[in-house]
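**Q** Questions regarding the structure given below will be posed in turn.
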Amino acid sequence: MTLHSPSAEAVDKLVYANRILYDQGVVDGLGHASVRHESDPDVFLLSCNRAPGLVRRQDIVCYGLDGNAVSETAERPYLERFIHAEIYRSRPDVMAVVHSHSHNVIPFASTQTALRPVFHMAGFLEEGAAHFEIRDVAGNTDMLIRSTYLGAALAASLGRHSCVLMRGHGSTVVGTSIEQAVYRAIYTETNARLQLAAQGLGEITFLNAEEARLCSEANDGQIPRSWNLWIKRLGAVDLDS
């Protein structure tokens, strides 16, 4: 295939996204973020196998929807790149994906308790996150999405939701931009923490579907404000080292 190089802006935003997610405690040495190529919908940008807080410009690789690299690289890829590939294949509206193991989400991923929006910043959760049970499609595994088959099964569970919880593993969120996907990953973790705290106080009044939609629409217009703050928090950053 003839591949147009991604823009410098797209690469830089993806590097920032990885570092922001680490700074915000959503990822640690593991987890990953990707963005769809701006001129080729069948290609996405993802770092090579690198801790998110250490991702550099030169680590960004272009992948096709089969999970194979389509730009030159000698670096090892993430095992779970199929999460990204199959979500992009099944959801043309998705422009960015974040996969993480953020701690407060795990209890919801491992139980039947629905993760639902408890405050306006998490309106994108709407009537609740989707759930993925890997045993239903592959029996006993190491829980990793290491094939096209498992990636497709995860994407099917995600459906039209913004977030899918992965039992015994973590979560994956999607967005129409890398900024929105990062925002959603951060506030999925925050909402999980608040929901866990609220459960000990009594019955929770969640946002209803209309409230969630209205809040999500309002918050989307404010994401640049948070994005700029998150970048500022990083301080002087050399994206090449």
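**Q** Residue by residue, what Karplus-based ³J(HN,Hα) values in Hz, rounded to whole numbers, does the stretch 89-99 have, using 6.51, -1.76 and 1.60 with θ = phi - 60° and x for Gly and Pro?
**A** 5, 8, 10, x, 7, 7, 10, 7, 9, 10, 10
**Q** Also, I was wondering about something else. Per the Kirkwood formula on distinct C-alpha pairs, the Rh of the chain is how many angstrom?
**A** Evaluated over the chain, this radius sits at 17.9 Å.
**Q** I've got another one for you. Sorting check: for 225-237, 110-122, 164-176, which peptide has the highest mean count of neighbouring beta carbons within 10 Å, and how do the rest follow? Walk me through the intermediate numbers first.
**A** Details: 225-237: 12.2, 110-122: 18.0, 164-176: 23.5.
Going from most to least packed, we get 164-176, 110-122, 225-237.
**Q** OK, next. Over all directions, how big on average is the projection of the convex hull of the alpha-carbon atoms in the stretch 1-60, in square nanometres?
**A** 4.0
**Q** Once both labels are modelled 7 Å past Cα along the beta-carbon direction, what's the Thr176-Ser71 spacing in nm?
**A** My value for the distance between the label points is 2.5 nm.
**Q** To continue, here is another question. Give the distance, in whole Å, between the Cα centre of the stretch 66-81 and the Cα centre of the stretch 1-37.
**A** 14
Read-outs throughout are calculated quantities, based only on the coordinates presented, and are distinct from any laboratory measurement. Predicted, not measured: the structure shown is a model, and the values here were computed from it. Positions of Cβ are generated from backbone atoms using ideal geometry, with glycine treated the same way; all protein chains shown enter the neighbour counts.
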